[in-house]
Amino acid sequence: MLPGAPHLARDSAGRLTLDGLALADLAREFGSPLYVYSQAAMLQAVAAYQRALVGRQHLVCYAMKANSNLAVLQTFARAGCGLDIVSGGELLRAQAAGVPGDRVVFSGVGKSRRELQAALAYGVRCFNVESLPELDLLSAEAQRFGRPAPISLRVNPDVDAGTHPYISTGLRDNKFGIAHDQAVAAYRHAASLPGLRVVGIDCHIGSQITQIEPYLDALDRLLDLVEALEREGIAIHHIDVGGGLGIQYSDEAPPTADELVGRLLQRLDARGHGHREVLMEPGRSLVGNAGVLLTEVLALKPGPTKNFCIVDAAMNDLMRPAMYEAWMAIEPCQQRPGPAPAWDVVGPVCESGDWLGRDRCLAVEAGDMLAVLSAGAYGMSMASNYNTRPRAAEVMIVDGQPMLIREREDAAALFAGERLLG
């Protein structure tokens, strides 16, 4: 079964389709490289979280770093989600998408003074604070602003989520959060500062997590702290369990959102915390399998030890393979009969690290379209203009119709703000 099924499928003619639309046709209409997303797949994914949380005080905050296109944000906002942001730029996107401040949580390990000021002015729901210096800076800015800042401390529970080291965030040697054994003292300090209002506790242990146990371990460590804090008179209103639930790229079998949420709620109830508001910050699991990257085969280049399938998408369009050595399925948009030799699928960028897939058995010819699957998360949001390459266009399928939600960049516009020496 294809990652992203049933929205992604092959029809009787062998064409790869998303929500019933032939992807090769979309590439011909909008050009390539091209990101295409299924809104229906996104809504199905978020509905699983919301279904599991029915009857509980909760807020699902989409982690927009996964895919921050305004139409994507609007989709989740209309579905009842808040947003998890990690920068001032993402705050501006939240505003542009019409998401009110009281549905925005501000995470991130290095918030600047200017970013804190902007978030205070917007009235964000909560600052997820990650260090004592940030507490002190936010206290000063909140006093200057004349409005108390609602805060949660992001606690590093020292739990191994079993993910790639670059996307692990909950271990002792990661840069994120406040160490578990320092958290009570940090909360005492927060409670003593003017301009701050303690409202919650937060953790995030990593990304592409495929087991429930690390979440339960982290939750237990958070609840230990909640109980210790309340013995000291520091009230905790909400528990933010973060995000990070994995998706299928190849043969992974992560738990469903329903399963994960159900187990977390059981643990909350068992320990006497079922009355607390629950916040969650899913990102990849809401958009990852909802998107594909379409790319045209420019040339086939057989070699003495490697065969290269050169395509018009590159590492600047999709960074995950080069950065994480991530495996992502690659499928022809039109099935062909005949032999399918092994190819390294590579782009035009002048780097040996510019590859999308290695040793892929593909029956392809120049001019064919390929689809890189499960590309809805950390694809376009990590794209760059390396080699002065314009970033791809983006299309969303809404109610069976393709909508252009981001125009392809113009190369001349990339250096329009630069100045010659004279």
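Every number here is computed from the coordinates shown, using simple stated rules; none is lab data. All values reported here derive from a predicted model rather than from experimental measurement. A quick note on method: Cβ atoms are made from the backbone with ideal geometry, for glycine too, and the neighbour counts reach across all protein chains shown.
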Exercise for the section: Would you look at the GNM of the chain, springs on alpha carbons closer than 10 Å, and say which of Glu141, Glu29, Glu277 moves the most? Expected result: Glu29
Fill in the blank from the handout: Note, region 133-144: 3J(HN,Hα) by Karplus (6.51, -1.76, 1.60, θ = phi - 60°), whole Hz, Gly/Pro = x, goes x, 5, 4, 5, 5, 5, 4, 5, 5, 5, 5, 5
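Which whole-number percent is the relative contact order of region 107-282 (Cα, under 8 Å, 6+ apart)?
20 percent
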Handout entry: Theoretical ellipticity at 222 nm over the chain - DSSP helices of four or more residues, -39500 (n - 2.57) apiece, nearest 500
Key = -8500 deg cm²/dmol
Exercise for the section: Identify which of Ser87, Ser131, Ser192 has the largest mean-square fluctuation in a Gaussian network model of the chain, with springs joining Cα atoms closer than 10 Å. Expected result: Ser192
Problem - Asn307 long-range amide H proximity, modeled H, under 5 Å - result: Asp344
Handout entry: Inter-site label distance for Phe145 and Ala47 at 7 Å from Cα along Cβ, in nm
Key = 3.7 nm
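Could you compute the net charge surrounding Asp368? Neighbours are other residues with a C-beta less than 14 Å from the C-beta of Asp368; K and R count +1, D and E count -1.
Net of charged neighbours comes to -1.
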Handout entry: Hz values of 3J(HN,Hα) by residue in region 200-215 - Karplus curve (6.51, -1.76, 1.60), Gly and Pro given as x
Key = x, 9, 9, 8, 8, 9, x, 9, 6, 7, 10, 10, 7, 4, x, 5
Problem - Given charges at beta-carbon only (K, R positive; D, E negative), |dipole| of the chain in Debye - result: 720 debye
Completion exercise
Taking a crude spin-label model, label points 7 Å out from Cα along the C-beta direction, the Asp410 to Ala366 distance in nm is 3.0 nm
Completion exercise
Of all chymotrypsin sites (Phe, Trp or Tyr not before Pro) in region 1-56, the ones in DSSP coil with at most 12 other Cβ atoms within 10 Å are none
Problem - Distant-in-sequence amide H partners of Tyr378 (H built 1.01 Å from N, under 5 Å) - result: Asn67
Fill in the blank from the handout: Expressed in angstrom and rounded, the centroid-to-centroid distance over alpha carbons for region 1-22 and region 33-105 is 25 Å
Problem - Sorted peptide list for 371-382, 202-213, 94-105, 112-123, criterion being average Cβ within 10 angstrom, highest first - result: 371-382, 202-213, 94-105, 112-123
Practice task
Return the percentage of antiparallel bridges among DSSP beta bridges fully within region 107-282, rounded to the nearest 5 %.
Solution key: 5 percent
Problem - Most fluctuating residue given options Ala313, Ala412, Ala329, as computed from a GNM of the chain linking Cα atoms under 10 Å - result: Ala412
Problem - Residues whose placed amide H lies under 5 Å from that of Ala329, excluding near-sequence neighbours - result: Leu373
Fill in the blank from the handout: Once the in-chain neighbours fewer than 8 apart are removed, the lysines whose Cα is under 29 Å from Lys175 read Lys65, Lys111
Exercise for the section: Let me have the relative contact order for the chain, percent, based on Cα pairs under 8 Å that are six or more residues apart. Expected result: 19 percent
Exercise for the section: Can you tell me the order of 305-312, 51-58 when each peptide is scored by its average per-residue count of other Cβ atoms within 10 angstrom, highest first? Expected result: 305-312, 51-58
